[in-house]
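Can you read through this structure? Questions will come right after.
Each value in this text was obtained by applying a stated rule to the coordinates, not by laboratory testing. Since we're looking at a predicted model, the values are computed, not measured. When we count neighbours, we look across all protein chains shown, and the Cβ atoms used for this are built from the backbone with ideal geometry, even at glycine.
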Ligand code: NAD
């Protein structure tokens, strides 16, 4: 079993760390939010008071932070982990950030002999809790082989996408598609409702027809269709609108950098910005359903 330092215990990080504890690893945890650190300590983690402290003697350091600025600051700031980590540490950043930032952090660590992989995830909070996440890894094959057993304790499908940064590119392609599916599913359901259809019946019809997709089947945006979906719990996240808007910003940046045409991604980014401007940034991303409601 490995000694692991885990930093960032939010909606995703906390259940991921829980699964590492359950698998028998020695897990030291840190988050700016002390309450969640204490909760994890009650469940068997070692509580840390700084990021530096939880990485001492760790074979693996895992970070699960909101955005690139948090990741860069954690590793590269004047007092960042780059100045403290032992050279045999393997760093696994699971946050969703832009590929260029992942490469910058990875390269800086590599210059100090420290291994790095970007390993963003798909599967949401439910997947993090159930230990069924998909990990999309970018990094050297030897480093991929080193991290695979640890990732298997938090996930079901572990993919090697390519070199450092490739995990982030693949992840952002997935999330752009996810946002488009969520928006499309929402407008179709609302149109059915406007014609007097029962959204549960309509969902069942489309799940068994060619409109079938993940958002419709497992994360339905209409309240009451799926009991466990965030839509049935007042759109409590889940995956916040603000984080989806961030990911769509990364997707459009990646499109620009590669000369890719992404008209639906651009439209989806605007829809999510509209939702943010309506004050729904902290709701689950399925709240886009409400944008299409006929008042
Ligand atoms: P979150 O906001 O719930 O959690 C982030 C945590 O990081 C918070 O607890 C915060 O206190 C902590 N934090 C911030 N800066 C810190 C620092 N310097 N040191 C220690 N802790 C710090 O976010 P989340 O939903 O858990 O998402 C984390 C990442 O995973 C994001 O990049 C997101 O895009 C990605 N992601 C989220 C989901 C989802 O469904 N929520 C799914 C896939 C990927």
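For the range 120-148 and the range 164-182, what is the centre-to-centre distance using only Cα atoms, to the nearest Å?
Taking the Cα centre of each part, the range 120-148 and the range 164-182 sit 14 Å apart.
How long are the semi-axes of the equivalent ellipsoid of the range 1-56, taking √(5λ) for every eigenvalue λ of the Cα gyration tensor, in whole Å from largest down?
15, 13, 9
If I take R0 = 45 Å and measure r between the Cβ atoms of residue 278 and residue 79 in this structure, what FRET efficiency does the formula 1/(1 + (r/R0)^6) give, to the nearest 0.05?
Working from the Cβ atoms, E equals 0.70.
Something else: Could you state the angle between the C-alpha long axis of helix 141-152 and the longest principal axis of the C-alpha atoms of the chain, as a value from 0 to 90 degrees rounded to the nearest 10?
70
So for each of 158-167, 30-39, 185-194 I average, over its residues, the number of other beta carbons within 10 Å; can you give me the resulting order with the highest mean first?
Listed from highest to lowest mean packing, they are 158-167, 185-194, 30-39.
Sticking with this structure for a sec: Assuming 0.36 nm per residue, please report the length gained on full extension of the stretch residue 141 to residue 233 beyond their Cα-Cα distance.
The residue 141-residue 233 span can extend by a further 29.0 nm.
Same structure again: In nm, to one decimal, how far is the modelled label at residue 22 from the one at residue 152, with both set 7 Å along Cα→Cβ?
It is 1.7 nm.
Still on this model: Given R₀ = 45 Å, what would the calculated FRET efficiency be for residue 253 paired with residue 130, taking r from the Cβ atoms and rounding to 0.05?
E(calc), rounded to 0.05, equals 0.90.
Could you please rank 22, 171, placing first whichever residue has the fewest other Cβ atoms within 10 Å of its Cβ?
Going from least to most buried by this count: 22, 171.
Test of understanding: express the Cα radius of gyration of the range 171-289 as a ratio to 2.2 N^0.38 Å, with N the residue count.
1.05
Let me ask you something else. For the range 115-227, count the residues as N, evaluate 2.2 N^0.38 Å, and divide the Cα radius of gyration by that value, please.
1.32
What is the fewest-to-most order of 50, 96, 55 by other Cβ atoms lying within 10 Å of their Cβ?
50, 55, 96
Would you kindly calculate the translational diffusion coefficient of the range 3-164, applying Stokes-Einstein with the Kirkwood radius from alpha carbon pairs, for 10 °C and a viscosity of 1.306 mPa s, and quote it in µm² s⁻¹ without decimals?
105
Same structure again: Counting only helical runs of four or more DSSP H residues, what would the 222 nm mean residue ellipticity of the chain come to if each run contributes -39,500 (n - 2.57) and the total is spread over all its residues?
-14500 deg cm²/dmol
Fewest to most neighbouring Cβ within 10 Å: what's the order for 125, 29, 71?
Starting with the residue having the fewest Cβ neighbours, the order is 125, 71, 29.
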